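**Student:** Have a look at this one.
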Amino acid sequence: MTAAHEVPVRGLLRVGVGRPVDLSAIDTRATPGLPPLAVTGPDRKSWAREQVRQLGRDLAEQQEMLYAQAVAGSGTGRRLLLVLQAMDCGGKDGAVRRVAGAMDPLGLHIRAFGPPTAEELDHHFLWRIRRALPPAGYVGVFNRSHYEDVLVVRVDSLAPEEVWRPRYDEINAFESELIDDGFVVIKVFLHISYDEQRERLLSRLTDPTKHWKYHPGDVDARAKWPDYQAAYAEALSRCASERAPWHVVPADRKWYRDWALAHLLREHFVELDLAYPPARFDLGFERARLLAGDGAGPSKVNVG
Ligand code: ATP
């Protein structure tokens, strides 16, 4: 791994456990953990992009080792689950593309959560979440998640408070269960400003190739910005635990968002202390068998 940065960013981005969260006090243009040289340098954006490329190679290797251990039966159910939440235009899709996209798609388990279907509404709110969990050896990515059930559901009064309020405890119990089962749960809130959201919405209107991304409903949600910020603040503070902390990534600058997310993933991978599993067969015997068998292959057999 050749990335110059070695100071863990997770500690800089994580939300304090058992403390209230004040999102308005977190600068959405900040760059926590970025090395000073990169911060003052003339082109920190391309520096960060290059770092993400380098980190991507490392993430791909870590993911392959995770998968290989599961195949070899030595992974003890381990898997990663990245939970991404953000306001509309917060950059979840871009982050998945640029950071998770560095890994082998065959080892990724990406799921997005929109409004629940009629069938999903007939079940407990965690039903559809459980069905979407990554198998052992995979890196799961949730684009939106079970947290919508204490966010949009709360802000839009889709359920009464006596229904959504107990969900904080249910979510904590659920995540704790996942961790007992071998999950590493990485929860990330991509934090953008009200002004940045306006710019991104406007650019979707200006650019014909982005019209498909524009939903008039996003402007209605934007009108409830303070309610959403309050709902996020409570969700982050009620559901930040030592085992499954929340991280707030300042996300107005896309290059910083990707840089921070790539580091967060890498730091969690490193903690797993992964390695390629050893061969479960006699290497020398297999090599000899292959070489001895040469000459009895299909090309010879088919002749005549
Ligand atoms: P993006 O997530 O990038 O904004 P999108 O808006 O196109 O993409 P959709 O498939 O339309 O994605 O679904 C996202 C919408 O679904 C959001 O408005 C979100 O609040 C809503 N949603 C997600 N989960 C729930 C839920 N449990 N209850 C109600 N609405 C939900």
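Bear in mind these aren't lab numbers, they're just calculated from the coordinates by the rules spelled out. Treat the numbers as computed from the prediction; the structure is a model and nothing was measured. Neighbour counts run over all protein chains shown; Cβ positions are idealised from the backbone, glycine included.
**Student:** All but one of (1) without any contact (Cβ under 8 Å) to a residue 40 or more places away in the chain; (2) in a helix (DSSP H, G or I); (3) farther than 16 Å from residue 89 by Cα hold for residue 212, so report the exception by its number.
**Tutor:** Tallying (1) without any contact (Cβ under 8 Å) to a residue 40 or more places away in the chain; (2) in a helix (DSSP H, G or I); (3) farther than 16 Å from residue 89 by Cα, residue 212 fails exactly one: (3).
**Student:** Here are 82, 59: which of them is away from the ligand (no atom under 16 Å from the Cβ) and within 11 Å of residue 139 (Cα to Cα)?
**Tutor:** After ruling out the rest, the residue left standing is 59.
**Student:** Let me ask you something else. If a residue must be within 20 Å of the chain's Cα centre (by Cα), more than 12 Å from the ligand (Cβ to nearest atom) and surrounded by fewer than 19 Cβ atoms within 10 Å (Cβ to Cβ), how many such residues does the range 137-167 contain?
**Tutor:** Going through the range 137-167 one residue at a time, the tally reaches 0.
**Student:** Also: So which of 52, 99 ends up being away from the ligand (no atom under 15 Å from the Cβ) and either among the polar types (S, T, N, Q) or under 24 Å from residue 178 (Cα atoms) (or both)?
**Tutor:** On inspection, the qualifying residue turns out to be 99.
**Student:** Taking the stated definitions as given, is residue 258 surrounded by fewer than 15 Cβ atoms within 10 Å (Cβ to Cβ) and assigned to a helix (DSSP H, G or I)?
**Tutor:** Against the criterion (surrounded by fewer than 15 Cβ atoms within 10 Å (Cβ to Cβ) and assigned to a helix (DSSP H, G or I)), residue 258 does not qualify.
**Student:** Related question: Applying the selection to the range 112-149, what residues are β-branched (Val, Ile, Thr) and outside any loop (DSSP other than H, G, I, E, B)?
**Tutor:** Residues satisfying the conditions are 129, 139, 141.
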